[in-house]
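Novice: Before anything else, here's the structure in question.
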Amino acid sequence: MEYFLVIIGLCCMLVGIVGSLLPALPGLPISWLGLLCLYLSPNIEINYWILGGTFLLTVIIVLADYIIPAQGTKQFGGTKYGIWGTNIGLVVGIFAPIPLGFIIGPFAGAFIGELLYDKKDTKRATKAALGSFLGFITGTFIKFVFAMAFFGLFIYLVSKNWQIYF
């Protein structure tokens, strides 16, 4: 059973890293499940404070991932129309059958939202859409960095107890 938990944990870590780059998969929560598998493994020593701290980080980053693109839109001069367009575009982009819809969606949503606010100001709409795109890239980078940190923690905890497995 212990080998099973470690293998499932490793699979969760790898899927979590991929999921941190693809918005269709909840990457960081899946990575955290990998740490939970180690916690449930009887021969791996993992402090429940580490598990709780990583869970809190996961919740904060998942929430921030929805806020960052909207804030990027706002910082680049977007209005509430652009912020709503970003959020709607993010959801639509995930489910759209077009390649890279999850990247195009927030950009297009912010652009369309700003055009609904003022049809004549395409320069501001483009600038707000760029802010949305930069916010999306920033959120993705943060998720990837933390997914890699969770993977590093996973490897450290397993390697600390490597004699059990080999």
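Novice: Can we say Phe146 is of a type outside the set (Gly, Ala, Ser) and in contact (Cβ under 8 Å) with a residue 24 or more places away in the chain?
Specialist: yes
Novice: Considering only residues of segment 134-149 that are surrounded by 20 or more Cβ atoms within 10 Å (Cβ to Cβ) and over 14 Å from Pro26 (Cα atoms), which is modelled with the highest pLDDT? Working first, answer last.
Specialist: First, the residues of segment 134-149 that are surrounded by 20 or more Cβ atoms within 10 Å (Cβ to Cβ): 135-136, 139-140, 143, 146-147.
The next check asks that each one be over 14 Å from Pro26 (Cα atoms); those that pass are 135-136.
On the way: Gly135: 84, Phe136: 81.
Taking the candidates together, the pick is Gly135.
Novice: Out of the residues in segment 92-124 that are of a type in the set (A, V, I, L, M) and surrounded by fewer than 16 Cβ atoms within 10 Å (Cβ to Cβ), which is farthest from Leu25 (Cα to Cα)?
Specialist: This residue is Leu116.
Novice: Could you tell me which numbered condition Tyr3 fails, if it satisfies all but one of (1) more than 30 Å from Glu114 (Cβ to Cβ); (2) outside any helix (DSSP H, G or I)?
Specialist: Here Tyr3 meets the rest and fails (2).
Novice: Looking at Thr58, Thr73, Thr54, which is the one that is within 21 Å of Phe141 (Cα to Cα), among the β-branched types (Val, Ile, Thr) and modelled with pLDDT under 85?
Specialist: Thr73
Novice: So, one more: So is Leu38 modelled with pLDDT of 85 or more and over 30 Å from Leu115 (Cα atoms) or not?
Specialist: It is true that Leu38 is modelled with pLDDT of 85 or more and over 30 Å from Leu115 (Cα atoms).
Novice: Quick one: how many residues across segment 33-67 are within 12 Å of the chain's Cα centre (by Cα) and crowded, with 20+ Cβ neighbours inside 10 Å?
Specialist: Of the residues in segment 33-67, 3 are within 12 Å of the chain's Cα centre (by Cα) and crowded, with 20+ Cβ neighbours inside 10 Å.
The values are calculated or read from the model by the stated rules, or taken from the named source; none is laboratory data. Quantities reported herein were computed from a predicted structural model and do not represent experimental measurements. When we count neighbours, we look across all protein chains shown, and the Cβ atoms used for this are built from the backbone with ideal geometry, even at glycine.
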